[in-house]
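The values are calculated or read from the model by the stated rules, or taken from the named source; none is laboratory data. Everything quoted here is computed from the prediction, not taken from an experiment. Virtual Cβ from ideal backbone geometry, glycine too; neighbours counted across all protein chains shown.
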Amino acid sequence: MPRYELEDWWPTSPLVGPPLPKWLGIYWPWYTPPGAEFRVSDLVISPAEVNPGQPVTISCLVANIGAEAGDYTTRLGGDFMAEQVVTLQPGESKTVSFEVTPTVAKTYSVSVNGLSGTFKAVTVPVADIRVEDLSITPSEVMVGGLVSISVVAKNYGTAAGSKTIVVTVS
């Protein structure tokens with residue numbers, strides 16, 4: 001049997017339904033109970049410039065700002081088409097990512113559920129520096145102990161470049 005709180009036994013407001021306990025979920029025909037409501041924000045296109053054939057990641061943050069859990073379909077549009085369904089609880093948010101690969105040199109337009117941006121595929125040399133192989137030794141340490149953190153930065157591009165690597169310990 002489900003567990004009910006005191007508020008679940010209070011009568012429903014007469015504006016939304018008959019004076020019955022809320023957990024029954026009975027509403028007037030003209031009232032729509034609050035459900036899942038979603039907000040899409042923080043469109044990120046990375047990197048902003050690549051050579052044709054190199055992948056680009058397009059991501060955004062999807063948040064459920066509603067009162068109920070629900071599914072949301074995130075649609076990538078513009079020069080590339082894709083979609084992903086994400087299931088979110090009330091107050092939960094997730095980053096949704098799409099990876100696309102341009103085939104020719106040009107400026108590409110993309111949109112994700114109303115957010116839009118561009119990136120360029122160029123034939124000139126581009127640095128594509130990626131951080132890989134994170135190693136933390138030891139994995140557990142006492143306060144004040146020494147920890148060794150290392151990564152490998154590898155340039156997959158066709159030009160020299162630099163990248164700032166920031167390590168945050170919390």
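Brief remarks on what is shown
- Residues within region 46-70 that are outside any loop (DSSP other than H, G, I, E, B) and in contact (Cβ under 8 Å) with a residue 24 or more places away in the chain, tallied: 12
- Extreme residue, surrounded by the most Cβ atoms within 10 Å (Cβ to Cβ), among residues of region 52-62 that are in contact with a Ser or Thr (Cβ under 6 Å, 6 or more places away or on another chain) and polar (S, T, N, Q): Ser59
- Any chance Thr12 is in contact with a strand residue (DSSP E or B) (Cβ under 8 Å, 6 or more places away or on another chain) and at pLDDT below 85: yes
This table checks each residue for (1) under 23 Å from Leu43 (Cα atoms); (2) basic (Lys, Arg).
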site: Asn113; (1), (2): yes, no
site: Val124; (1), (2): no, no
site: Arg130; (1), (2): yes, yes
site: Lys163; (1), (2): yes, yes
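- Residue match in region 108-117 (condition: within 25 Å of Thr158 (Cβ to Cβ), of a type in the set (S, T, N, Q) and without any contact (Cβ under 8 Å) to a residue 60 or more places away in the chain): yes
- Scoring Glu99 on the criteria (1) part of a strand (DSSP E or B); (2) closer than 26 Å to Ala160 by Cβ; (3) out of contact with any Ser or Thr (no Cβ under 8 Å at 6 or more places or on another chain) leaves a single failure, condition (3).
- Within region 63-90, being crowded, with 17+ Cβ neighbours inside 10 Å and under 26 Å from Thr107 (Cα atoms) holds for Thr74, Leu76, Phe80.
- Just one of the listed residues (Val126, Val167) is of a type outside the set (Asp, Glu), without any contact (Cβ under 8 Å) to a residue 40 or more places away in the chain and assigned to a loop (DSSP other than H, G, I, E, B), namely Val167.
- Within region 73-101, the set of residues being touching a residue at least 24 places away in the same chain (Cβ under 8 Å) and more than 12 Å from the chain's Cα centre (by Cα) comprises Arg75, Leu76, Gly77, Gly78, Asp79, Phe80, Gln89, Pro90, Gly91, Glu99, Val100, Thr101.
- Residues in region 109-148 that are of a type in the set (A, V, I, L, M), surrounded by 11 or more Cβ atoms within 10 Å (Cβ to Cβ) and in contact with a strand residue (DSSP E or B) (Cβ under 7 Å, 6 or more places away or on another chain): 11 in all.
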